[in-house]
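First comes the structure, then the notes that go with it.
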Amino acid sequence: MSILIYAESAEGKLKKVALELASYAKKVAESLGTTVTAVTVNAGNVSELSKYGVDKVLKVNNDKLNSFTAKAYADVIKQAAQKEAAKLVLLSSTTDSIYLAPLVAVALEAGFTSNVVGLPVSTSPFQVKRTAFSNKAFNITEINTDVKVLALAKNTYGIFESTDAINRVSTEEDFNPTIGDADFGVKVASVEKSSGKVSIADADIVVSGGRGLKGPENWGMLEELAGVLGAATACSKPVSDLGWRPHGEHVGQTGKPVATNLYIAIGISGAIQHIAGINSSKVKVVINSDPEAPFFKVADYGVVGDAFEIVPQLTAKLKAF
Ligand code: FAD
């Protein structure tokens, strides 16, 4: 059972999720006695993948794919899977793969499951553990098709150099799959970039603000804290709906999912729809003036108090550290 991973990149650089996926695939490959091939799209230098266990990289370089288009990307992955006769196709559970992975599965007539956590529970029958009900429960899913497509939940497995990394050099091959005009039926017209310096998808730390910050003019203190921590900035839904922050920063059930190492929520009440999108984060810190705010129920650390007093003090302490 050979394994193909789709190693995501942004602006010509591999994303952290790609390295996590490679680490995961390597471990699965060891248990199945097979190798790992990665397919990349306009990813620039991909040699780093070998450190994490990738044996071969199919590099697609095509300007038409500069903007993410689910159908075209699905076609690329399908053709790579067919070329490698891959029986297991792995993607990361990212915003893009929500659209992409089901299309890949349909194209390969494969069974599919997303939000996979941990290594397969069993390889025969093939069973994996996944999160369900907005991360409130786990279930074991069995896939019985010949080809299987899985999307790995972010920041749940970790990034590990493979034990034979020193001697490993993955082969790289230019790969030119056929992409028809019909693949570009839906086209990205424009991209609104988050104003944060670090992208939410790749951040180890996210500093997030809610309506408790009162207005867009008060985001300076949050950005300063994020800057000191090397964190991405995010916000609750009403904040982006009100136009205080760009929509790209909205996190939660209907926004971006966040599975980071540290999530700091400032002036956010902790509504169920917000928590659903962030509760895979490892450590959650809440700053809220209302001791009854629901967010405290899921917080690892909580500070009851006025954000306008606490945040500048916290930033000053961290700067002095
Ligand atoms: P509020 O609920 O207004 O909370 C503000 C908080 O700030 C309060 O807890 C208050 O005590 C605190 N505060 C006030 N002043 C201060 C101060 N000086 N210092 C410290 N704390 C202070 N929401 C999302 O975030 N993401 C989603 O994806 C999402 N999807 C939704 C989907 C649906 C279908 C629906 C119906 C709702 C969705 N919502 C989502 C909205 C959600 O229900 C809440 O309304 C929203 O999360 C509340 O945002 P908030 O906490 O910023 O604002």
- Of the residues in the stretch 71-116, those that are of a type in the set (A, V, I, L, M) and at pLDDT below 95 come to I98
- Are there any pairs, at least 6 apart or on different chains, whose C-beta atoms fall under 7 Å, with the first in the stretch 230-259 and within 24 Å of T131 (Cβ to Cβ) and the second assigned to a strand (DSSP E or B) and among the basic types (K, R), and if so, which? H250/K256
- Query: Where residues in the stretch 235-286 are closer than 21 Å to I310 by Cα and small (G, A, S), which of them is most open to solvent (accessible area, probe 1.4 Å)?
  - Reply: S269
- Task: Answer yes or no as to whether G220 is more than 12 Å from the ligand (Cβ to nearest atom) and closer than 23 Å to S289 by Cα.
- Result: yes
- Message: Could you tell me how many of the residues in the stretch 149-169 are of a type in the set (V, I, T) and not in a loop (DSSP other than H, G, I, E, B)?
- Response: 2
- Item | Test: K26 is crowded, with 24+ Cβ neighbours inside 10 Å, out of contact with any His (no Cβ under 6 Å at 6 or more places or on another chain), among the charged types (D, E, K, R) and at pLDDT 95 or above | yes
- Item | Candidates T34, T123, filtered to the one that is touching a residue at least 60 places away in the same chain (Cβ under 8 Å) and either open to solvent by 10 Å² or more (accessible area, probe 1.4 Å) or among the small types (G, A, S) (or both) | T123
- Message: Given the condition more than 9 Å from the ligand (Cβ to nearest atom), under 20 Å from P216 (Cα atoms) and hydroxyl-bearing (S, T, Y), answer yes or no: does some residue in the stretch 260-269 qualify?
- Response: no
- Task: Run R211 past the list (1) more than 12 Å from the ligand (Cβ to nearest atom); (2) open to solvent by 50 Å² or more (accessible area, probe 1.4 Å) and report the number of the one that doesn't hold.
- Result: (1)
- In the set D183, D174, D164, which member is open to solvent by less than 70 Å² (accessible area, probe 1.4 Å) and either small (G, A, S) or touching a Lys or Arg at 6+ places or on another chain (Cβ under 6 Å) (or both)? D183
- Item | Hits in the stretch 287-321 (condition: in contact (Cβ under 8 Å) with a residue 60 or more places away in the chain, more than 12 Å from I268 (Cα to Cα) and either open to solvent by 70 Å² or more (accessible area, probe 1.4 Å) or not hydroxyl-bearing (S, T, Y) (or both)) | F308, V311, P312, L314, L318, K319
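The values are calculated or read from the model by the stated rules, or taken from the named source; none is laboratory data. Here the structure is a predicted model, which is why all the values come from computation and not from measurement. Please note: Cβ atoms are built from the backbone with ideal geometry, for glycine as well, and neighbour counts cover all protein chains shown. Ligands, DNA and RNA are stripped out before the accessible areas are found, and what is left, the full protein with its side chains, is counted by its heavy atoms. Shrake-Rupley method; radii C 1.70, N 1.55, O 1.52, S 1.80 Å.
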